[in-house]
Amino acid sequence: MSPRFSPPLPQSPRSPSPRWVVFAAVMTVFWFAATAEVHAETTPESSHAPLSLRDDDTVVWLGATFMERMQQFGYLESILLSESQATPLRFRNLGWSGDEATGISRAVFGAVEDGYKRLEKDLATAKPTVVVVQYGAVEAEHASLDEFRQQVSRLLDTLSGTKARLVLLSPLHRTQPQPFFPDPANYNQKVDALCEVLEAVASQRELPYIDARDLLNGVDSHDGIVPSAAGYRQLAPRLAERLGYPTTHWSVALSRDGDPVAAGASLDKVKWTETGVSFEATDEHLVATAGESNSRLRVAGLPTGTYAVRAGGLQLGSFSAAQLAAGVSLPNRGGAPQAAQLRKTVMQANELFFHRHRPQNETYLFLFRKHEQGNNAVEIPQFDPLIQQTEARIGELRRTRPQPYTIAREN
């Protein structure tokens, strides 16, 4: 719903007194500041986004360690579910630690070519309509540019056969989290050279290419190579933005004598009292990650005092009337518990699919010891209805709901 833009005006039909002139000037400045913030913070979904999500998409993450560990946290998927209008929207993580474009890590006890066949099998299981491909982190340790070009080209030929839309994501630069860690300069130079190959291949094939080399800068990491849990939370909004889905900024400006102004939400039931104000907000998008909500609240016209801000049962903080009039950043919003449940459910779906395509006892189910327990392999496809049920729940959780807000005087 489009926000209402109407600067407050004196309600008296008579000629305004000097006091009213000053008041109108102050409130007009306040309104223009809020309006500028709304325009600055609202970014419409781009139809030219590299990921360009569509209805009924299944997005596959394909790569090595960075991709594989991403599924444990669900931050990026939650942002894309919140910011995209595509429905239904599914995710399948086919990352495999230490993997290369040859599929070598997927070989398990076999030859490299067996690993590539496993990769093809996993793709058939996932049934992608979009594949985000990231290779080069391992190849930078040993592969020549020609070898890497050939391996990536072969993989892209295979992926083209799935008819899925493809996006190439560059490997990441290493950082040096502590002085005693090795200097990553030489490794990063090799990554740069491989990225030139990737960019050239992407240009030749007219595929989107995303330069993600700097994503780990300032991100929490134990070793400078793979983010920690906190690191994945930190970089998820950055990566989502490069994929074409920046997190929506939320802004609400209220004035006792003027109309409310909102971005990222529609407002209803605004009610002023002697001790504060209450309203109901329906967010356009769920808050993506706790502490990353990009939420700002302004309230003008409150008497001097300290006010508690609550939303959806959450205590968001205590602020003075002067602070609220100037505008405060909120650590969360009313939809934060729902967003947390969404992420938790995404993680459950990721885990179910992991067991579907990588059962821990596959040696007994499919490989050289299947003569012992191979009859249990019939249970693996039984994960499919569990995944579908979980994704149905995700579809419900991604829908925003009205949330009550109160700004009430404490003293």
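Taken together, the values in this text are just the output of simple stated rules run on the coordinates, not laboratory data. Here the structure is a predicted model, which is why all the values come from computation and not from measurement. Please note: Cβ atoms are built from the backbone with ideal geometry, for glycine as well, and neighbour counts cover all protein chains shown.
Order 380-390, 193-203 from most to least packed using the mean count of other Cβ atoms within 10 Å. Spell out each step's value before the answer.
Numbers: 380-390: 13.8, 193-203: 16.4.
Result, highest mean first: 193-203, 380-390.
Distance between the modelled labels on ALA124 and ASP192, one decimal in nanometres: 4.3 nm (7 Å Cα→Cβ projection). Considering all different alpha carbon pairs of the stretch 57-246, the Kirkwood hydrodynamic radius works out to 16.9 Å.
Counted by neighbouring Cβ atoms within 10 Å, the residues ARG393, ARG154 run from fewest to most as ARG154, ARG393. The simple spin-label model puts a point 7 Å past each Cα toward its Cβ; for ASP55 and ALA230 those points are separated by 4.3 nm. Normalised by the number of residues in the stretch 57-246, the mean separation of alpha-carbon contacts (under 8 Å, six or more apart) gives a relative contact order of 23 percent.
Cβ crowding within 10 Å ranks LYS344, LYS190 as LYS344, LYS190, fewest other Cβ atoms first. Its Cα centre serving as origin, the stretch 200-340 has a Cβ charge dipole (Lys and Arg +1, Asp and Glu -1) of approximately 160 debye.
Each 10 Å bin, from zero up to the one with the longest distance, holds this percent of the alpha carbon pairs of the stretch 120-162: 24, 48, 26, 2. Stretching ARG256 away from ALA325 to a fully extended chain increases their span by 23.7 nm, per 0.36 nm per residue minus the current alpha-carbon distance.
Which shape class applies to the stretch 151-212: rounded if a/c is under 1.5, otherwise prolate when a/b exceeds b/c and oblate if not, where a ≥ b ≥ c are the square roots of the Cα gyration tensor eigenvalues? Walk me through the numbers on the way to the answer.
On the way: a/c = 3.02, a/b = 2.67, b/c = 1.13.
Prolate.
Determine the dipole magnitude for the stretch 57-246: charges of +1 sit on the beta-carbon of Lys and Arg, -1 on that of Asp and Glu, nothing else is charged, the reference point is the Cα centre, and the result goes in debye to the nearest 20. Present the calculation step by step, with values, prior to reporting the outcome.
Working: 19 positive and 25 negative charges, 127 e Å.
The dipole magnitude comes to about 600 debye.
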